[in-house]
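Okay, so here's the structure we're looking at.
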Amino acid sequence: MCGIVGYVGEHAAGTKPLEVALEGLRRLEYRGYDSAGVALVGAGLGQVATRKKAGKLVNLVAELEENPLPPATAAIGHTRWATHGAPNDVNAHPHVAGKVAVIHNGIVENFAQLKAELADDGARFRSETDTEVVAHLLERAYARTGDLTAALREVAQRLEGTFTILAVHADEPQKVVGARHDSPLVVGLGEGENFLGSDVAAFIAHTREALELGQDQVVTITPDSVTVTDFDGSVVEPRRFTVDWDAAAAEKGGFASFMDKEIHDQPHAVADTLLGRTDLSGALVLDEIRIPEAVLRSVDKIVVVACGTAAYAGHVAKYAIEHWCRIPVEVELAHEFRYRDPVVNEKTLVVAVSQSGETMDTLMAVRHAREQGSKVLAICNTHGSTIPRESDAVLYTHAGPEVAVASTKAFLGQITAAYLLGLYLAQLRGNKFPDEVAELLGQLREVPAKIQQVLDGAEHVREVARSMREVSSVLFLGRHVGFPVALEGALKLKELAYIHAEGFAAGELKHGPIALIEEGQPVFVIVPSPRGRDSLHSKVVSNIQEIRARGARTLVIAEEGDSDVLPYADEVFFVPQVPTLLAPLLTTVPLQIFACELATAKGLDVDQPRNLAKSVTVE
Ligand code: AGP
């Protein structure tokens, strides 16, 4: 998820294009801050003028002070959340080919095939990015069409995956063109000037009149015109709207908090983590996993090391990987791992799960594992962070920057990446046939839309949360993969609403915790699918009866159509049907919403809860 801005307005070259681009990037930096760059065009420049630097926007500003750019008439700007290629100067956007400069938000799934074709045609590449491929395609298309809009329409039809692309050409200095597929792009309407942005935060300081571009559309802005067509060139009339948010709200996409925004980002977080992970035959290709296949085949144990929410993702991974690969999986709290003299060696694969990639406890566990000869694979959301750098391999989640301290979309991204790892190992070690892997991947690809269904139907959860703002204790029960979901639901409520909450394996209840049940005690119960092979469903329904009989207020999360729970549930929150192992991607969401809404009802800061830090970089 990157920040994108475009501007055209100066009939005579000036400094405003660069100023607007930098201001827009400043407001979009929450969308990514691995690197930043700008490209300018202007009459008489003859070439595209670019500056780009790794790191936060301040690095680019410093670069521009040292090496200023000339006056211009149009500009594009980009702040990056790396997906392909390390966050460095070379991989920073914009990418240039000849007189074309391109910036891009998304993932071009077929970039490797396109890059090979271009290389055969003599193209030379400087970066590892998928975006540079688009720049070369655009340069060639422009040579054929002589028109940047026509060239972009042609190129957009060749790309697979998700993309928002902006481009400028030195020979058309009063034009910025953009194209979108599955990735956002909005137009800001000015007087004698026009704007483009990945969201309205890019230009809200200049105009509140905007156009929302639809799927597979191309937009061309000049100082005095905005033209929108579909990829075939037919003119379309996009929806016009007036932005009534203030600038701060605009950075949250109109949501009241980053926490709420990131909960709603989760369909994209899962979908983007799945993108670009299969080859043309449909087989999994996890090209960041640079551990020799022979080593992965010889692995006889997997140990997951992580903390907090990331550790609960590890617990979900345990169920999936053991089931698919028949390899024992241990899940260790990273801060406990190295102090208990763990039994790990060269046949152990250690998987370090971390959103930030900077958690010191997890980093220390990684170092210890490597000293013992184990290979370490990181599952991480932050490109170029320390844990992936010190691991043998990495499987990045593509959840985009997670600003709120309490983790939500990164958690679903971690679980998704763990499923990919499990399927990859099963495919590699022969536990699963290609068609089985393809079927499970297909089921995974259906999950984002189902998460969206849960989000769209969440008003009941919010109402219940608001009604419970005075509670002092909530328990969470789950079984099988529902157990780590119960743990995560409890953690969210602790972190956000400062309420005592505890997660249990439902089967453990009768071994002691049931003593906690008294009249009115709220208990969430995550119920497995009734369609599962085993009788876990009936056991959990019995658990609900047991606590209801003792006065508990039962808040049940169950699969759509599960009528067995109705007689024993004070509240029911249904989620769409998915295979049992994939259920955490859905059952977690109502618990996140519950915690966020209850904390908000208590007037608490859900983005920066007390006592917490987004990345715990001390042991
Ligand atoms: C999650 O809501 C918490 N903020 C915390 O448990 C977090 O998951 C943990 O500190 C691990 O952080 P990491 O994923 O960045 O390593």
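Dividing the summed helix terms, -39500 (n - 2.57) for each DSSP H run of n ≥ 4, by the number of residues in the chain produces a 222 nm estimate of -11000 deg cm²/dmol to the nearest 500. Quick check on segment 438-539: take the gyration tensor over C-alpha atoms, sort the square-rooted eigenvalues as a ≥ b ≥ c, and tell me if it's rounded (a/c under 1.5), prolate or oblate. Taking the square roots of the gyration eigenvalues as a ≥ b ≥ c, segment 438-539 is oblate. Summary of packing: across the peptides 364-370, 348-354, the per-residue average of other C-beta atoms within 10 Å ranks them, highest first, as 348-354, 364-370. Under the convention that each Lys and Arg Cβ holds +1 and each Asp and Glu Cβ holds -1, the size of the dipole of the chain around its Cα centre is about 1040 debye.
Excluding same-chain neighbours fewer than eight residues apart, the lysines reachable from residue 494 by a Cα-Cα span under 29 Å are 252, 261, 318, 409, 450, 510, 539, 602, 614. Between residue 116 and residue 542, the contour length at 0.36 nm per residue exceeds the alpha carbon distance by 147.5 nm. Centre-to-centre separation between the Cα atoms of segment 453-528 and those of segment 99-133: 48 Å. Positive-end ranking of 286, 264, 236 along the dipole of segment 226-353, with charges on Cβ about the Cα centre, is headed by 286. Most tightly packed first, judged by the mean number of other beta-carbon atoms within 10 Å of their residues, the peptides 51-60, 126-135, 195-204 read 195-204, 126-135, 51-60. If R0 equals 30 Å, the separation of the Cβ atoms of residue 531 and residue 472 corresponds to a calculated FRET efficiency of about 0.25.
The C-alpha atoms of the chain define a longest principal axis, and helix 16-28 lies at about 0 degrees to it. In loop segments of segment 500-535 as defined by DSSP, the trypsin sites (Lys or Arg not before Pro) with at most 11 further C-beta atoms inside 10 Å of their C-beta are 533. Residue order for 617, 79, 50, 397, fewest other beta carbons within 10 angstrom first, comes to 617, 50, 397, 79. Checking every one of the trypsin sites (Lys or Arg not before Pro) in segment 318-351 against DSSP loop status and a limit of 13 other Cβ atoms within 10 Å picks out 326, 347. Here the calculated FRET efficiency for residue 208 and residue 300, from their Cβ-Cβ distance with R0 = 51 Å, stands at 0.25, rounded to the nearest 0.05. If R0 is 60 Å, the Cβ-Cβ spacing of residue 390 and residue 232 corresponds to a FRET efficiency of close to 0.75. Applying the criteria of a DSSP loop state and at most 16 other Cβ atoms within 10 Å to the GluC sites (Glu not before Pro) of segment 484-559 yields 518, 519.
Residue 270 sits among other residues whose Cβ lies under 15 Å from its own Cβ, and their net charge, with Lys and Arg +1 and Asp and Glu -1, is -2.
Since every read-out is calculated from the coordinates, none of them should be taken as a lab result. All values derive from a computational prediction rather than experimental measurement. FYI the Cβ positions are ideal-geometry reconstructions off the backbone, even for glycines, and counts take in every protein chain you see.
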